[in-house]
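Remarks on the structure that follows.
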Amino acid sequence: MIAALAQRALPVLGRGLAIALLAFIIFGPLANLLLWAFAERWYFPGKIPQQFGFAFWGRVFEPRGGAVQSLVTSIWIALLTVTFCLAAAIPAGYALARLKLPYRAAILMLFLLPQAVPNLPIYVNIARMFYELRLNGTVFGVVLVHAAHGLVLAVWIASAAFAAVDAQLEEAARNLGAGPWRCFATVTLPLAAPGLIASAIFVFLESLDEFTGTYFVGVPDVTTLPLLMFNASMGGNYQIASITALLLLLPSVAFMLVVERFLKSNVLAMVGR
Amino acid sequence: MNPRTAGLLLVSPALAVIAVFFIVPLGLSVHSAFTDKAGAFTLAHFEKSFELYSNDMMFTVLIVLLSSALIAAVAIAIAGYLTLGEHARTKTMLRWLYRWPLFIPFVVTGQVMRTFLAKNGMLNHVLVGGGLIDPLAAQSLLDWRGIVIAFVWKQAPFVTLLLAGAMASIENQHIEAARNLGARRTRVLFEIVLPQVRGTLLVGLVLSFVTMLSVLSVPLMINPNSPTMMTVDVAYRISTHGDYAVANALCLVSLLFASLGAWVYLRYAVKKAEVGT
């Protein structure tokens with residue numbers, strides 16, 4: 001009887017422990033970040049902060065703290081990057097999905113390449129190019145760097161989104177007398193929109209979170225949120241760093257929770273085809 | 001207009017961006033690594049790189065390989081349970097749990113781990129509080145172990161997501177036939193499921209491998225002192241010495257490491273693109 005009970009209880013216990021362990025591994029580090037973000041005073045050997053409060057939030061958001069300025073810069077750069085990427089990725093994605101392209105496989109490969117090569121040499125040498133063009137430390141320069149990187153993802157997803165649109169619907173519109181532009185604007189584009197929005201969000205987040213490129217190209221005048229966080233952290237100011245990190249986390253986590261609503265499996269199945 | 005010309009015209013802006021901001025810098029990198037001040041061909045920058053940083057090269061390769069192996073193990077375990085596990089509620093919880101770090105940026109991961117793994121970080125508090133280690137034995141994990149932990153924490157969800165998706169599209173009949181014949185779940189996982197999703201696992205791991213090779217923020221924040229990763233050395237050569245030549249030589253060495261992985265990946269991608277068209 002006891003043996004039978006143990007046999008049933010053990011797997012339950014094992015599963016429970018495994019889930020609890022995983023939950024600690026995932027949320028432990030995030031909880032530690034939250035504690036630091038609201039710690040007024042926290043010194044050794046306190047297991048939790050001696051005093052909680054919002055004093056550092058005030059310091060982060062006051063004009064001298066620079067967070068508001070960096071947040072505005074970051075969002076402005078990300079929006080420009082999205083515009084730039086979509087403007088290039090929508091025609092390219094449509095052509096790759098719908099038109100008979102010569103050297104299509106080679107072109108797709110070219111768009112794969114930046115994902116398969118470490119980005120550091122790229123950023124280092126773009127910084128050198130930009131130094132001579134006087135684009136270093138300008139928002140425009142940072143946008144170009146982010147856009148070059150985001151374009152890869154944008155083209156892939158845009159091409160998959162267009163490929164997932166049923167070609168018969170376009171033919172029907174053409175047969176009913178719609179011109180190619182009208183057909184694209186009223187049939188193809190709206191049907192591909194969820195995938196295109198997903199690619200826009202991907203590019204936005206990538207730009208918002210980008211560190212290495214901005215580190216080399218943006219200095220000294222463009223301070224995005226990740227750079228502000230990095231500087232605070234290296235300066236030993238864990239409260240400021242944690243609050244800034246939290247600001248960066250929110251959009252990423254929100255997108256993680258809704259990503260499947262935009263990226264349907266029929267679009268995912270067409271990626272790279 | 002002929003549709004082929006129209007297609008090329010539509011692709012050309014995107015291609016131009018890739019050419020100017022990817023191919024040209026790559027060419028500059030090669031040029032700068034192989035030429036001396038007078039513009040003549042030289043290997044001196046590579047000699048200097050190996051002289052100064054061969055330890056860091058070893059360190060980088062070992063860290064990235066170890067992280068990739070751990071990422072593979074975690075991804076196979078989680079995706080395997082999501083596919084073959086029988087306890088519905090555990091699967092739901094697992095599916096909700098594992099993907100949290102998916103879109104968290106590396107720079108934030110670095111900051112988070114910097115506090116969590118420190119000597120007086122939460123990990124040690126929990127281990128000491130649970131009686132698992134002696135308070136005096138608590139040590140900081142902010143060295144190579146910290147980098148590996150940060151990499152696995154951040155990249156494993158990505159590979160798991162790809163792998164679980166691929167496993168879900170396997171024909172259920174194969175799995176059920178094996179189970180009916182009495183095969184244990186681990187055997188089904190390694191002999192039936194895994195061979196069918198090898199390509200996806202490979203792509204996920206190669207992408208992670210290349211990504212980890214070029215992450216600057218995590219090693220800079222967790223373990224900036226020697227031995228460290230080559231990205232830190234590159235940043236140091238540039239910001240302290242303005243020495244682009246050695247920095248580029250180091251970049252090319254890391255490119256060499258990546259190209260091994262990229263070669264595997266591109267071969268697979270080409271095969272897939274050919275099947276797809």
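The values are calculated or read from the model by the stated rules, or taken from the named source; none is laboratory data. Fair warning: this is a prediction, and the values are worked out from it, not measured in the lab. Positions of Cβ are backbone-derived with ideal geometry, glycine not excepted, and every protein chain shown enters the neighbour counts. The accessibility values were calculated without ligands, DNA or RNA, using every heavy atom of the protein model including side chains. Shrake-Rupley method; radii C 1.70, N 1.55, O 1.52, S 1.80 Å.
Structure notes:
- All positions within segment B:42-56 that are modelled with pLDDT of 90 or more and not in a helix (DSSP H, G or I): B:L43
- The residues on offer are B:L136, B:L132, and the sole one that is over 14 Å from B:I222 (Cα atoms), out of contact with any Ser or Thr (no Cβ under 7 Å at 6 or more places or on another chain) and not in a helix (DSSP H, G or I) is B:L132.
- Residue match in segment A:69-79 (condition: open to solvent by less than 30 Å² (accessible area, probe 1.4 Å) and more than 22 Å from the chain's Cα centre (by Cα)): no
- Consider segment B:171-200 and keep the residues that are within 14 Å of chain A (Cβ to nearest Cβ) and not charged (D, E, K, R). The one that is least open to solvent (accessible area, probe 1.4 Å) is B:G199.
- Total residues in segment B:30-77, condition among the hydroxyl-bearing types (S, T, Y) and buried (at least 18 other Cβ atoms within 10 Å of the Cβ): 6
- Sole exception among (1) closer than 30 Å to A:Q115 by Cβ; (2) away from every other protein chain (no Cβ under 11 Å); (3) at pLDDT below 85 for B:V203, by number: (2)
- Within segment B:66-94, tally of residues that are more than 10 Å from every other protein chain (Cβ to nearest Cβ) and touching a residue at least 60 places away in the same chain (Cβ under 8 Å): 13
- Residue in segment B:225-239 that is at pLDDT below 85, of a type in the set (G, A, S) and in a loop (DSSP other than H, G, I, E, B) present: yes
- Qualifying residue in segment A:209-218 (condition: touching a helix residue (DSSP H, G or I) at 6+ places or on another chain (Cβ under 9 Å) and acidic (D, E)): yes
- Segment A:22-68: number of residues that are among the polar types (S, T, N, Q), within 24 Å of B:I149 (Cβ to Cβ) and touching a residue at least 12 places away in the same chain (Cβ under 8 Å): 0
- Applying the set (1) hydrophobic (A, V, I, L, M, F, W, C); (2) under 30 Å from A:A167 (Cβ atoms); (3) assigned to a helix (DSSP H, G or I); (4) open to solvent by less than 30 Å² (accessible area, probe 1.4 Å) to A:L101 leaves exactly one unmet item: (3).
- Selection from segment A:218-241 of residues that are more than 7 Å from chain B (Cβ to nearest Cβ) and either modelled with pLDDT under 75 or under 20 Å from the mean Cα position of the chain (by Cα) (or both): A:G218, A:V222, A:T223, A:T224, A:L225, A:L227, A:L228
- Residue match in segment A:185-195 (condition: out of contact with any Cys (no Cβ under 9 Å at 6 or more places or on another chain), buried (at least 17 other Cβ atoms within 10 Å of the Cβ) and at pLDDT 90 or above): no
- Scope segment B:127-144; condition in contact (Cβ under 8 Å) with a residue 12 or more places away in the chain and open to solvent by 60 Å² or more (accessible area, probe 1.4 Å); matching residues: B:Q139, B:W144
- Screening A:L13, A:L5, A:L21, A:L30 for residues that are more than 11 Å from chain B (Cβ to nearest Cβ) and either closer than 25 Å to B:L123 by Cα or under 25 Å from the mean Cα position of the chain (by Cα) (or both) leaves exactly one candidate, A:L13.
- Filter result for the condition that a residue is touching a helix residue (DSSP H, G or I) at 6+ places or on another chain (Cβ under 6 Å) and free of Cβ contacts under 8 Å to residues at least 60 places away in the same chain, over B:S214, B:S208: B:S214
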